[in-house]
1. Which one of B:SER87, B:SER59 is out of contact with any Ser or Thr (no Cβ under 8 Å at 6 or more places or on another chain) and closer than 25 Å to B:GLU167 by Cα?
2. If the requirement is being outside any loop (DSSP other than H, G, I, E, B), hydroxyl-bearing (Ser, Thr, Tyr) and buried (at least 20 other Cβ atoms within 10 Å of the Cβ), which of these qualifies: B:TYR144, B:TYR99?
3. So, of the residues in segment A:245-301 that are facing another protein chain (nearest Cβ under 7 Å) and of a type in the set (Ser, Thr, Tyr), which turns out to be surrounded by the fewest Cβ atoms within 10 Å (Cβ to Cβ)?
4. What single numbered condition from (1) assigned to a helix (DSSP H, G or I); (2) over 17 Å from B:ALA211 (Cα atoms); (3) more than 7 Å from chain B (Cβ to nearest Cβ) fails to hold for A:ARG166?
5. Looking at (1) facing chain B (nearest Cβ under 7 Å); (2) without any contact (Cβ under 8 Å) to a residue 40 or more places away in the chain, which one does A:ARG197 not meet, given that it meets all the others?
6. Of these, A:ILE68, A:ILE64, which one is of a type in the set (Val, Ile, Thr) and more than 25 Å from A:LEU98 (Cβ to Cβ)?
7. How about segment B:176-187: which of its residues are surrounded by fewer than 24 Cβ atoms within 10 Å (Cβ to Cβ) and either more than 7 Å from chain A (Cβ to nearest Cβ) or in contact with a strand residue (DSSP E or B) (Cβ under 7 Å, 6 or more places away or on another chain) (or both)?
8. Restricting the first residue to segment B:207-229 and requiring it to be at the interface with another protein chain (Cβ under 7 Å from one of its Cβ atoms) and more than 9 Å from A:GLY229 (Cα to Cα), which pairs with a second residue that is outside any helix (DSSP H, G or I) and of a type in the set (Ser, Thr, Tyr) meet a Cβ separation below 8 Å and a spacing of at least six or different chains?
There are 2 protein chains.
Amino acid sequence: MTGHIGIVGAGLVGAGWAIVFARAGHDVRVFDGAEATLAALPGRLDTALADLKQSGLISDPAAIRNRITIVETLGGALAGAQYVQESVFERTDVKRALYEQIDPLLGPGTLVGSSSSGIPASAFTGGMAHADRYLIVHPVNPPYLVPVVELVPSPATSEATVAQARELMTQVGQVPVHVRGEPQGFILNRLQGALLREAWALFEEGHASVADIDKTVSHGLGLRWSFMGPFETIDLNAPGGVRDYAERLGGLYLDIARDRTDPQPWNEELVARVEAERRACLPEQDLQTRGAWRDRRLMALAAHKTAAEQKDGT
Amino acid sequence: MTGHIGIVGAGLVGAGWAIVFARAGHDVRVFDGAEATLAALPGRLDTALADLKQSGLISDPAAIRNRITIVETLGGALAGAQYVQESVFERTDVKRALYEQIDPLLGPGTLVGSSSSGIPASAFTGGMAHADRYLIVHPVNPPYLVPVVELVPSPATSEATVAQARELMTQVGQVPVHVRGEPQGFILNRLQGALLREAWALFEEGHASVADIDKTVSHGLGLRWSFMGPFETIDLNAPGGVRDYAERLGGLYLDIARDRTDPQPWNEELVARVEAERRACLPEQDLQTRGAWRDRRLMALAAHKTAAEQKDGT
């Protein structure tokens, strides 16, 4: 694959993607239909690059910044691109209208990945001439700190498209996972949703406070999960591996699952109680400051993981 | 609270606890009914302390080691203790038989916490004279690297016992959470079970491989969860906090939950398929080596978190 990387949609997600590709040495051409969004882009990029530099995650922010160009038209982002990352507003009609513009402009070697976090590609690329070259490439925000991306092909996406997207994502330092069959929420949000469901239910039933449920993860379960997944965790948690673990604990987990067969919405009163406990820990006016703290901690963790992996050769 | 810390049950879990208490400056007296277990203890302690020293997590392993004494009788561990951590085999009859021995020996100021990961305290302390001073104090292994502990009182446990156990755990550097109502699996394993349930189902349905589900956590969800819990994560993931998040995404999560109303056992064929994918990543003969790798990574993560928290003042 040769050619630049196009970015269509230059909000928070698109800006993050521009950094990912430029950091890996690609020329990046960014388009957004909204002038205000484009006007905010240089500030977003400079702030993020300065933070990355300060955390030791990049050494030359100016060189990265110089690889990112704003273009005036959709065609300017698309023409000659090897890959285009689309990150426009998450609504099916908005995405479909855009892909109707993209489809006739698409050059022969160009793939398009959508940052959609929930709408499957079949919903907005179905029936198009180049549907074989469209797929979901769903990042976690910000993608330059959280490397996983979900590759979710539609039934029309070709295997070659998935393979090339995987190769590109690996080359730019992301960690691609392949999701088959367009499950609702893909897999990342389904896994998060499962944990949240139990967390909300435990709180609702009075078994623990919001803060204590959070601590159970942040000082317990989340430690291992920051460097190995749930299957590897249980594989290492019984002398004979995952089969041994399943024999010992499968029954317990089945019993627990059987307590949760009647999903309930997060109703107004429950949301108000969770919110009250969160606002007691973190006042509303501090949400933004705490978000910046989270990003600093993610940067420090990324630097730590890189060092640990280099040391281990993993 | 004054007096030493008693440890009853000196296997992997009990040895880990001995280090936690001795590291915090307590005198620790360890008893185990099995001579072979006691004979293995010094080796276990020395290995763990050497690893902690090498990771920079402790500075004087000999001083810690010298605070840990093996005693010959149950009474030797109990007499004059402020707190006893019980970590015997996880079977109700084994635990009940032990508490029947403990109960008449218990001094007036002594509390007993059980490391039970699933059996509630009411099942083996119910009806005893000192049931008000028994509770579950469930660690994650090894407790000197993973700080969360679940405090799970039985209906007979006094509030003063819970408060004192919380204070002691905080003082020795653990992070206590208070679990009410003895839910099956307490809260840590329920949260883990919820994530596992979705992970196994996604694999069973062919949506992703075991390795890709693991990567979704270890390079995605698990990063944030290693320093903030699921509620704080969503509270910071919408501009208006958790209420705003619930309004935006509550519907999606409810839909996802509605796909999972029919819990199924991890059947033989499914376990075999998961096992085959794990053994392709990690041959059986490497399980132990990988367990040692996990512990090194946990140590490096603990050192990283301590440094990050000191820098942030969090």
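The values are calculated or read from the model by the stated rules, or taken from the named source; none is laboratory data. Since the structure is predicted, the reported quantities are computational estimates derived from the model, not experimental observations. Heads up, the Cβs are rebuilt from the backbone with ideal geometry, glycines too, and the neighbour counts pull from every protein chain shown.
1. Only one candidate passes the filter, namely B:SER59.
2. On the way: B:TYR144 fails: outside any loop (DSSP other than H, G, I, E, B).
Sole residue among the options that is outside any loop (DSSP other than H, G, I, E, B), hydroxyl-bearing (Ser, Thr, Tyr) and buried (at least 20 other Cβ atoms within 10 Å of the Cβ): B:TYR99.
3. Restricting to residues being facing another protein chain (nearest Cβ under 7 Å) and of a type in the set (Ser, Thr, Tyr), the top hit is A:THR261.
4. It fails just one condition, (2).
5. It is condition (2) that A:ARG197 fails.
6. Details: A:ILE68 fails: more than 25 Å from A:LEU98 (Cβ to Cβ).
Residue meeting the stated conditions: A:ILE64.
7. In the first step, residues of segment B:176-187 are kept if they are surrounded by fewer than 24 Cβ atoms within 10 Å (Cβ to Cβ); the result is B:176, B:178, B:180-185.
The answer is B:PRO176, B:HIS178, B:GLU182.
8. Partner pairs satisfying both residue conditions: B:LEU223/A:SER226; B:TRP225/A:SER226; B:SER226/A:SER226.
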